[in-house]
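Just below is one structure, and these are the notes that go with it.
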Amino acid sequence: MFKKQLTLFACVLALLIITLGSCKSKYEKLKASNDYAKKYQEAIKYYNKQEYEKALGLFDVLVERYRGRSAAEDLFYYYAFTNYKLKDYTSARFHFKTFADTYPSSPRAEECRFFSAYCYYLDSPNFSLDQDNTLKAIETLQLFINLYPKSDRVTEASKLIQNLRDKLEQKAYENSKLYLTIGDFQSAVIAFNNVLRDYPDTKYGEEIEYLTVKAQYAYADHSLEYKQQERYEQTITYADQFTDKFTASKYAHEVAVLKKNSQTGIADTKRVMAEALADDKLAKKLAKKDTLKTQQPPSEKNQDQKIPY
């Protein structure tokens, strides 16, 4: 009995292997054949059945063969979307763009131009990573809007651009806070101001302006005595700007404290500098400290470079 069951199982398994092998063989034979019309028909069938891997295998063979022919337009359209369906967005955006450039008068050109940009959008990484594809996505989506201002997809393209800009804004915000975290206070102030300049309506505005006051105070507090007064004064300027703009802010108390500490710092700095004028020993001490810490100041052309503490 057991032997009969084993024999039956072996027969079924062999039949299954033969069947699967013949199916694979049929596809491979078609792929290797010279019947390009049949390949075309079967590739479309595979695409419609969502068997995109098999469709792509046939389209790869067909694209060069059909280049320049009347049937090429449909072929290249399907080819681009097959790559898209397989989530190969790098290849898909290239083929979408190629289609739009090759057939600008085609009713499908608008769609392909949009999807070329959309593939960049889908390849845009997390805000913490390099944002080259994000910038290219914004550029290509804006180009789409410029080329097809009356398109039904303009609203969607505009929303996608805003999403991408939000990502760049978040990256700039997080990067600026990182300078403060690592104690590079001057770079933090510059970075915060750059965020406010590049994104004047940023949702992080209140926090950034508060952190600007905080970073500028720390920058002044860690500076050499002869630089402190002007840097404390800048802290007070930032604090006043913050208070005028955010009258009921949760950061109001701390900003007021930083302003008061800056006023105290100015008084202390003036006292120390006055004492140095009358005390050669103290003056030499401050001069020695200056010699040890001072770096070559940056050129006026590059304001983003660091200046000496």
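Tabulated values for the structure
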| read-out | value |
| --- | --- |
| Helices (runs of 4 or more DSSP H) contained entirely in the range 109-200, each with at least 3 residues that are charged (D, E, K, R) | 109-122, 132-147, 154-181 |
| Any hit, the range 80-93, residues being of a type outside the set (Ser, Thr, Tyr), in contact with a Lys or Arg (Cβ under 7 Å, 6 or more places away or on another chain) and outside the structural domain of residue 125 (by TED's automatic domain parsing) | no |
| Hey, residue 247 closer than 21 Å to residue 196 by Cβ and touching a helix residue (DSSP H, G or I) at 6+ places or on another chain (Cβ under 9 Å) or not | no |
| Test result for residue 223, over 16 Å from residue 127 (Cα atoms) and in contact with a helix residue (DSSP H, G or I) (Cβ under 8 Å, 6 or more places away or on another chain) | yes |
| Subset of the range 73-89 (residues that are of a type outside the set (S, T, N, Q) and assigned to a helix (DSSP H, G or I)) | 73, 74, 75, 76, 77, 78, 79, 80, 81, 84, 85, 89 |
| Tally, over the range 45-60, of residues that are under 36 Å from the mean Cα position of the chain (by Cα) and surrounded by fewer than 18 Cβ atoms within 10 Å (Cβ to Cβ) | 6 |
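Table: residues versus (1) touching a Phe, Trp or Tyr at 6+ places or on another chain (Cβ under 8 Å); (2) more than 30 Å from residue 53 (Cα to Cα); (3) surrounded by fewer than 16 Cβ atoms within 10 Å (Cβ to Cβ).
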position: 96; (1), (2), (3): yes, no, no
position: 118; (1), (2), (3): no, no, no
position: 135; (1), (2), (3): no, yes, yes
position: 158; (1), (2), (3): no, yes, yes
position: 174; (1), (2), (3): yes, yes, yes
position: 178; (1), (2), (3): no, yes, yes
position: 184; (1), (2), (3): no, yes, no
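Each row is one residue, and each column tells you yes or no for (1) over 21 Å from residue 60 (Cβ atoms); (2) within 23 Å of the chain's Cα centre (by Cα); (3) of a type in the set (Asp, Glu).
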{"position": "74", "(1), (2), (3)": "no, no, yes"}
{"position": "80", "(1), (2), (3)": "no, no, no"}
{"position": "91", "(1), (2), (3)": "no, yes, no"}
{"position": "115", "(1), (2), (3)": "no, yes, no"}
{"position": "130", "(1), (2), (3)": "yes, yes, yes"}
{"position": "141", "(1), (2), (3)": "yes, yes, no"}
{"position": "144", "(1), (2), (3)": "yes, yes, no"}
{"position": "147", "(1), (2), (3)": "yes, no, no"}
{"position": "150", "(1), (2), (3)": "yes, no, no"}
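The values are calculated or read from the model by the stated rules, or taken from the named source; none is laboratory data. Quick caveat: nothing in here was measured; it's all calculated off a predicted structure. In this analysis, Cβ positions are derived from the backbone assuming ideal geometry, glycine residues included, and neighbour counts consider all displayed protein chains.
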